[in-house]
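The values are calculated or read from the model by the stated rules, or taken from the named source; none is laboratory data. Since this is a predicted model, take the numbers as computed values, not measurements. With ideal geometry, Cβ positions are generated from the backbone for all residues, glycine too; neighbour counts draw on all protein chains shown.
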Amino acid sequence: MTRVENPRKLAAAFALAVTAPTAVGHGWIARKGNESLFATLRRILPQVIQPECKGHRFRLKGKVSASEFNKAVQASCGFLCTRTRKKSLTRSAGNWLFCNRRWLSPADPADRARLEANHGALCGAFPEFRACPRPDFLACIADVVAAWAAVTRDAGGVARCSL
């Protein structure tokens, strides 16, 4: 498989394709952990992710690390992050969350239509994305949406976004 010419552009396009803006102070997405955007991209398209090995740093062209991914979506897509002190969230998602964004849910018909269209656009813009069939893409997003809903439900709400 060929390497991705610009993995940061792919990261930004992916983040915009699977999320939607919300009203100020509503909607949260993990920056770290199993329910994060980066972890979701790693499940969907592992070939564009930098390998992780404790004590070693890899700098492979055409690959993106978690920190590069988060910086790219903040700089290119305007994602905002804010701190939370909810212990039940910090254990799984860290202290910092993206605010004013929500996952698009395949269970919602309008969101599903957007996800299907966005998958097609990603496949057109990034040939590497064709390695993930649409049903697998939707199933992965559905799993993350359900897991994140459980985490935030257990947290009893999240602190307000302080801009």
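Yes or no: Phe126 of a type in the set (Phe, Trp, Tyr) and within 24 Å of Gly33 (Cα to Cα)?
Working: of a type in the set (Phe, Trp, Tyr): yes; within 24 Å of Gly33 (Cα to Cα): no.
For Phe126, the condition - of a type in the set (Phe, Trp, Tyr) and within 24 Å of Gly33 (Cα to Cα) - is not met.
Need a quick list: helices (runs of 4 or more DSSP H) entirely within segment 20-131 having at least 2 residues that are at pLDDT 85 or above.
Result: 37-44, 66-77, 109-125.
Among the numbered criteria (1) part of a helix (DSSP H, G or I); (2) touching a Leu at 6+ places or on another chain (Cβ under 7 Å), which single criterion is violated by Cys140?
Condition (2) is where Cys140 drops out.
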